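Enquirer: This is the structure I want to talk about, given as structure tokens.
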Amino acid sequence: MKAINDAHFQEYEVKPEIVSTAPGRFHLIGEHSWFFKDKTLSMAINIPVYVSVSKREDSVLKFYFHQLSDRKKANINSLKYKKEDKWANAVKAIVYGFTSGGFTLGGMDITIYAEVLPSAGFGITTAIKVACAVAIRKVYDVPCSDMELLQVVERGNRRFLQTNNYIADTYTALFAKKGNLLVTDHSKNAWEYVPFDFKNKKILLTDTNVPRVSVWNEETLFEPQYALLLGDLREHKPNIFGKWQYINNVTDINETLSAVSEDTRRKLLCIMREHGDVLDAIDGVSKGDFYKFARSVNHSHESMRDLYNISCPEIDWILKRVGELEPNLEMITNPVTCGRITGKGFGRCLYSVVRESDVENFKKKLVEFEKIFGFKTACYEVEASDGARVLNELI
């Protein structure tokens, strides 16, 4: 990409030695159930992040984010997390991930180029981390396999940033394949590809710019005793994807969850329903059955809204309009469109899958949304894309 080469040269007066890229990403279903060792269905998308790197002769690290016109500086021998460094902390975390693992690096000039900013979500921060990891590995010829690269990212997340390490995020950014979804199985720390090919459909990501306001702290659900309760409700099913599912006996479920509060019970029920929706979505995609896929997506959003309590009226309004793009009531059971909140929830982003002929009508609904709610939306037509790679042809 000529633009990042030019940006790097203008900033540092040297040409980059390496340019890498990693895709943005969104999760279709299952991003909230990683703690319970369930599954997440994700798509890498053609909203890329580019990273360029050139080596320095000292131990200084210089970071430049082109679209933000923002510059940060650090030293490889004394990396520190600074709240004010924001996006640069993601880059520092990757450098830390290498050095804390015993790999030797030197100073670097690093440029970030991303037309969609990290504040939008869509996996941009993870893409920055993974693109940096791939570029640094290449520029310093680090003897590090892809699996070791995952450990680099994990050390950066857990030890430097002091955050959870969401493997579905990293797997998707690193291993995605064009035309495929990626299923992360958290119980096995493994992933699989699922070809995604629904004809005459468009995938639209919408950033509503509705502020995220948490009505509850999701991490309060991430307790070992809750994971044990859900573990008791699993049953072995050798003929389905992943070889297990949650039981559907209401009496047994109510008895097992009777020890928790009503609010917690609803959220744990949502986790159980979400796993079923993931399995149905995978089956629908694998068989080319859009109706089944769409039902699972719509059902998942209903669970996120009614049981997990992370949606908001603004997002619900847009998704209701998605359903109304086909006025035939028979389409309720065989929907030709679908959509769901995605990401952290509590506002902001959603995705929808609609017919090509409905794209303009959907965008008209977004104009109506802006007039009613006052939030300026951003809508992106996306497709399943490849994972991170070095762009040797640019050097």
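The values are calculated or read from the model by the stated rules, or taken from the named source; none is laboratory data. What you are looking at is a predicted structure, and each value in this text was computed from that prediction instead of being measured. Backbone-built Cβ (ideal geometry, glycine too); neighbour counts: all protein chains shown. When the accessible area is computed, the model is the full protein with side chains, heavy atoms only, and any ligands, DNA or RNA have been set aside. Shrake-Rupley method; radii C 1.70, N 1.55, O 1.52, S 1.80 Å.
Enquirer: Cα-Cα pairs above 27 Å in the chain: how many percent?
Expert: So the pairs more than 27 Å apart make up 52 percent of the total in the chain.
Enquirer: For the range 282-395, report the translational diffusion coefficient in µm²/s to the nearest whole number, using Stokes-Einstein at 20 °C, 1.002 mPa s, and a Kirkwood Rh over Cα pairs.
Expert: So the translational diffusion coefficient is about 137 µm²/s.
Enquirer: Taking the square root of 5 times each eigenvalue of the Cα gyration tensor, what semi-axes in Å does the equivalent ellipsoid of the range 32-178 have, largest first?
Expert: Taking √(5λ) for each eigenvalue gives 23, 18, 15 Å, largest first.
Enquirer: Of the accessible area of the range 294-395, with the probe set at 1.4 angstrom, what percent is carbon plus sulfur?
Expert: 50 percent
Enquirer: Along its three principal axes, how long is the range 143-291 when you only count alpha carbons? Whole Å, largest extent first please.
Expert: Over the range 143-291, Cα extents along the principal axes are 49, 43, 38 Å.
Enquirer: How many percent of all Cα-Cα pairs in the range 1-101 sit more than 17 Å apart?
Expert: More than 17 Å apart: 63 percent of the Cα pairs in the range 1-101.
Enquirer: If you roll a 1.4 Å probe over the range 40-160 with all protein chains in place, what percent of the accessible area is carbon or sulfur?
Expert: Using a 1.4 Å probe with all protein chains present, the range 40-160 comes out at 44 percent carbon and sulfur.
Enquirer: Please give the per residue volume of the convex hull enclosing the alpha carbon atoms of the range 107-180, rounded to a whole number of Å³.
Expert: Considering the Cα atoms of the range 107-180, their hull volume per residue is 122 Å³.
Enquirer: Stick to the Cα atoms of the range 34-76, pair each with every other, and give me the Kirkwood hydrodynamic radius in Å at one decimal.
Expert: About 14.3 Å, per the Kirkwood formula over Cα pairs.
Enquirer: Something else now. Averaging sequence separations of C-alpha pairs under 8 Å and six or more residues apart, then dividing by the length of the chain, give the relative contact order as a whole percent.
Expert: 23 percent
Enquirer: Taking a cut-off of 18 Å, what percent of all Cα-Cα pairs in the range 205-355 are separated by more than that?
Expert: 62 percent
Enquirer: Against the globular-protein guess of 2.2 N^0.38 Å, express the Cα radius of gyration of the range 215-268 as a ratio, rounded to two decimals.
Expert: The reported ratio for this selection is 1.26.
Enquirer: I've got another one for you. Which value in deg cm²/dmol, rounded to the nearest 500, describes the helix-derived mean residue ellipticity at 222 nm for the chain, given -39,500 (n - 2.57) per DSSP H run of n ≥ 4 and division by the residue count?
Expert: Calculated at 222 nm, the ellipticity per residue is -11500 deg cm²/dmol.
Enquirer: Please compute the Kirkwood hydrodynamic radius of the range 321-374 from all pairs of different C-alpha atoms, in Å with one decimal.
Expert: Over the range 321-374, the inverse of the mean reciprocal pair distance is 12.3 Å.
Enquirer: Right, another one. Please calculate how many Å² of accessible area the chain carries per residue, with a 1.4 Å probe and no DNA, RNA or ligand atoms counted.
Expert: 45 Å²
Enquirer: For the range 244-321 and the range 58-116, write down the distance between their C-alpha centroids in whole Å.
Expert: When both Cα centres are located, 39 Å separates them.
Enquirer: Which of the GluC sites (Glu not before Pro) across the range 1-78 are loop residues per DSSP, with 14 or fewer other Cβ within 10 Å?
Expert: Passing sites in the range 1-78 are GLU13, GLU57.
Enquirer: A follow-up question, please. Which translational diffusion coefficient, to the nearest whole µm²/s, is obtained for the range 256-337 from the Stokes-Einstein equation, given a Kirkwood hydrodynamic radius over C-alpha pairs, 10 °C and 1.306 mPa s?
Expert: 115 µm²/s
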